[in-house]
Amino acid sequence: MKVLNKNSAIIIDAMGGDGAPNEILRASLNFALDHPRQEIILVGHSDRIKDFFKERMCPKNIKIKHSSQLITMDDTPVSSVIEKKNSSINIAMGLLMSGEGSAFLSAGNTGAIVAAVKLSRELQSASTRTALAIDLTAKNGRNIIMLDIGANIAAKTEHLVDNALLGEDFYRNIYRTKSPEVALLNIGTEETKGTREIKEAAEILKSKINFKGYIEPDTLFTEPCADVIITDGFTGNILLKTIEGLMAASGTSTELPEKLDYRQQGAALLLGADAVITIAHGKSDAKTFNKAIEKTLFYNSKFLVNFTA
């Protein structure tokens with residue numbers, strides 16, 4: 001990844017997510033007040049944003065950009081991006097490409113965000129793939145990242161290999177580790193286990209990176225054998241949503257690492273784009289979305305330092 005410009009403004013989709021725009025605006029206001037030197041650009045229907053600020057003073061570090069259309073969670077990703085040129089997602093991507101900001105955060109339609117990146121020559125990196133990654137701290141204190149958690153549901157061999165290369169590069173630059181250890185999520189650690197695609201990817205990765213073999217889900221968050229955990233977007237998303245359901249059923253998250261709770265995690269980073277693009281949970285309330293902005297700020301500062309001259 002390289003960022004397109006040095007303007008560190010964070011562009012926020014005010015219309016994305018179940019709680020939009022009010023929950024997004026509450027979080028943005030609180031963040032702006034806590035970080036008066038950090039510029040925020042809110043993209044959404046200007047009348048609804050201005051209505052929110054009628055009873056609240058809008059900080060000087062918040063700017064508003066109008067969008068007249070909305071891409072919903074039910075919209076088909078590619079067609080909605082093509083047809084809704086004035087949507088908040090498209091307007092935000094345009095701001096990234098024009099250099100008005102270096103990071104974009106949304107709790108909206110993940111597929112549409114991925115499609116917008118793939119349809120843009122300016123935002124698409126040298127990698128032909130995109131993947132959503134989250135960084136976590138395992139129970140034993142090891143920092144790990146896992147991808148893909150939902151950008152692409154396909155599980156072809158080349159996709160898993162691409163995810164591994166994206167994840168290794170991401171981990172190296174975030175944690176300043178020369179040779180991160182990489183493992184594939186699988187149903188067993190034996191070489192004979194897994195789908196054809198997983199086994200083929202493993203053979204390829206042995207000669208490309210510091211490959212540690214397979215990891216099973218039962219040790220993933222307790223004693224992981226690697227820094228970077230690779231899976232396809234379908235499996236990764238199901239895994240996280242299963243954990244989310246277990247937390248909801250138990251009424252507590254104390255038996256699992258706190259960062260596994262999407263309310264604590266904040267946002268995932270979209271790898272494979274030449275800008276910092278983060279995606280928050282669609283159910284994010286103001287407190288959760290505030291954490292998402294903090295995570296975006298963290299990634300933005302890392303990549304501005306590491307990937308620009």
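Which order do peptides 292-300, 12-20 fall in by mean Cβ count within 10 Å, highest first?
On the way: 292-300: 21.8, 12-20: 25.3.
Averaged packing, sorted descending, gives the order 12-20, 292-300.
Going through the cross-link list LYS178/LYS302; LYS212/LYS241; LYS178/LYS206; LYS193/LYS241; LYS54/LYS283, which pairs have a Cα-Cα distance over 21 Å in this structure? Mind dumping the intermediate values first?
Numbers: LYS178/LYS302 16 Å; LYS212/LYS241 26 Å; LYS178/LYS206 17 Å; LYS193/LYS241 24 Å; LYS54/LYS283 25 Å.
Pairs exceeding the cut-off: LYS212/LYS241; LYS193/LYS241; LYS54/LYS283.
By how many nm would the segment from ILE82 to SER301 grow when fully extended, if each residue of separation counts as 0.36 nm and the alpha-carbon distance is taken off? Walk me through the numbers before you get to the answer.
Values: separation 219, 0.36 × 219 = 78.84 nm, distance 3.12 nm.
Taking 0.36 nm per residue and subtracting the Cα distance, the gain is 75.7 nm.
For the stretch 148-193, rounded, prolate or oblate, judged on the Cα gyration tensor with a ≥ b ≥ c (square roots of eigenvalues), a/c < 1.5 rounded, else prolate if a/b > b/c?
Numbers: a/c = 2.44, a/b = 1.37, b/c = 1.79.
Because a/c hits 1.5 or more and a/b fails to exceed b/c, the stretch 148-193 counts as oblate.
Divided by 2.2 N^0.38 Å, where N counts the residues, the Cα radius of gyration of the stretch 2-145 comes to 1.10.
Across HIS35, HIS281, HIS45, mean-square fluctuation computed from a Gaussian network of the chain (C-alpha pairs under 10 Å connected) peaks at HIS35. A Förster distance of 35 Å, applied to the separation of the beta-carbon atoms of ILE64 and GLN264, puts the FRET efficiency at 0.75.
When you restrict to C-alpha pairs under 8 Å that are six or more residues apart and normalise by the size of the chain, the relative contact order lands at 24 percent. Label zone of THR222 (point 7 Å out along Cα→Cβ, amide N under 11 Å): in the stretch 186-201 this covers no residue at all.
Bear in mind these aren't lab numbers, they're just calculated from the coordinates by the rules spelled out. Just so we're clear, the structure is a prediction, and the values are computed from it rather than from any experiment. All Cβ positions, even for glycine, are placed from backbone atoms using ideal geometry, and neighbour counts span all protein chains on display.
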